[in-house]
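Before any comments, here is the structure.
The values are calculated or read from the model by the stated rules, or taken from the named source; none is laboratory data. Quick caveat, the model's predicted, so the values are computed rather than measured. No Cβ is skipped: glycine too gets one built from the backbone with ideal geometry, and neighbour counts run over all protein chains shown.
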Amino acid sequence: MMSILFLKSLLSLYIVLAAFTAMFTMFEILGKGEKKYDIAKLKKIHRANGIVYLLVYLFISYFCLNFIISSKAELMPRGTFHSIFALTIIVLLGLKISFVRIYRQFYGNVQTIGLLIALITFGMVATSGGYYLLVTEFGTDKTFDEIMEYKKKGPLMVTEKKDEWIKVIVKTDSESIGRGKNLFDSKCIFCHDPYSLSTIVGPGLKGILKNLTLPVSHRPATPENVQNQLRQPFSKMPPFAYLSDEEVADIIAFLNTL
């Protein structure tokens, strides 16, 4: 089954193609000199290309926003730049359409805005789909976390005090396990399959606390290290520091059943 991230990344390649098409048709329509192509046909191609571009943009944006809202994950710098690019594009698209349809006194700015949209599109795709396809070798078996794993493991810190160790008591009651499953389904399942070792974005977590080591950091597979991974992730996983101690304990209770 194709990962939704892989699908979105493939669709982002169309966005790049659409940006090139928009630039070419725009230059041919508005550029000076002898016209080599039928301008009426180019205008239809440009308009249809723009409509499909916007639909694909909105489709991808829906899944990105749904992931952020559902997981409440804090954006990393790359994700922040990607979001800024995406928001800038939708604002510029709105300006371009309004200049073409309503405020025609500003029509002379349309070419500049169109060029900005295309250039920012390249940045937007490079920080999302392009990055994902690059580090996963176009979706092959080399996983995201394996590629992005630090060359040298960082120090293990369970608390702010290096010499202090908090023992995690694993809950086994059905209520805690149920709450943990609900939390996992709302925040973790987008990246981790709990019932297999298959990779989505992060590794599958089947038997995670029954193994000798954790799948990416290769630290001992203990509840304490799982807690630390949620608080201070070893690799490029977003931190879930906003979770309460009780919620973290519930997630560990669920993971202990896998």
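So here's what we get for this one:
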| quantity | calculated |
| --- | --- |
| Test: S98 is assigned to a helix (DSSP H, G or I), in the same structural domain as F24 (by TED's automatic domain parsing), small (G, A, S) and closer than 22 Å to D185 by Cα | no |
| Residue check for L243: crowded, with 18+ Cβ neighbours inside 10 Å, touching a strand residue (DSSP E or B) at 6+ places or on another chain (Cβ under 9 Å) and part of a loop (DSSP other than H, G, I, E, B) | no |
| Any hit, segment 224-232, residues being of a type in the set (S, T, N, Q) and touching a helix residue (DSSP H, G or I) at 6+ places or on another chain (Cβ under 6 Å) | yes |
| Any hit, segment 184-205, residues being over 28 Å from F6 (Cβ atoms) and of a type in the set (S, T, N, Q) | no |
| Residue match in segment 124-133 (condition: free of Cβ contacts under 8 Å to residues at least 12 places away in the same chain, closer than 30 Å to P239 by Cβ and within 15 Å of the chain's Cα centre (by Cα)) | yes |
| Among (1) surrounded by 14 or more Cβ atoms within 10 Å (Cβ to Cβ); (2) out of contact with any helix residue (DSSP H, G or I) (no Cβ under 7 Å at 6 or more places or on another chain); (3) of a type in the set (G, A, S); (4) modelled with pLDDT of 90 or more - the single one G79 does not satisfy | (4) |
| Positions within segment 28-51 being more than 16 Å from L17 (Cβ to Cβ), in contact with a helix residue (DSSP H, G or I) (Cβ under 8 Å, 6 or more places away or on another chain) and part of a helix (DSSP H, G or I), in sequence order | E28, I29, L30, I39, L42, K43 |
| Residue tally, condition touching a residue at least 60 places away in the same chain (Cβ under 8 Å) and in a helix (DSSP H, G or I), over segment 179-201 | 7 |
| Qualifying residue in segment 202-221 (condition: in contact with a Ser or Thr (Cβ under 9 Å, 6 or more places away or on another chain) and outside any loop (DSSP other than H, G, I, E, B)) | yes |
| Residue within segment 128-138 that is in contact with a Pro (Cβ under 8 Å, 6 or more places away or on another chain) and at pLDDT 50 or above present | no |
| Residues within segment 80-96 that are free of Cβ contacts under 8 Å to residues at least 24 places away in the same chain and either under 13 Å from S61 (Cα atoms) or not small (G, A, S) (or both), tallied | 7 |
| Conditions (1) at pLDDT 90 or above; (2) within 17 Å of the chain's Cα centre (by Cα); (3) surrounded by fewer than 15 Cβ atoms within 10 Å (Cβ to Cβ): number failed by L11 | (3) |
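Condition check ((1) aliphatic (A, V, I, L, M); (2) closer than 21 Å to R78 by Cα; (3) at pLDDT 90 or above) across all residues:
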residue: E146; (1), (2), (3): no, yes, no
residue: K162; (1), (2), (3): no, no, no
residue: P194; (1), (2), (3): no, no, yes
residue: T199; (1), (2), (3): no, no, no
residue: L209; (1), (2), (3): yes, no, yes
residue: S217; (1), (2), (3): no, no, no
residue: R231; (1), (2), (3): no, yes, no
residue: V248; (1), (2), (3): yes, no, yes
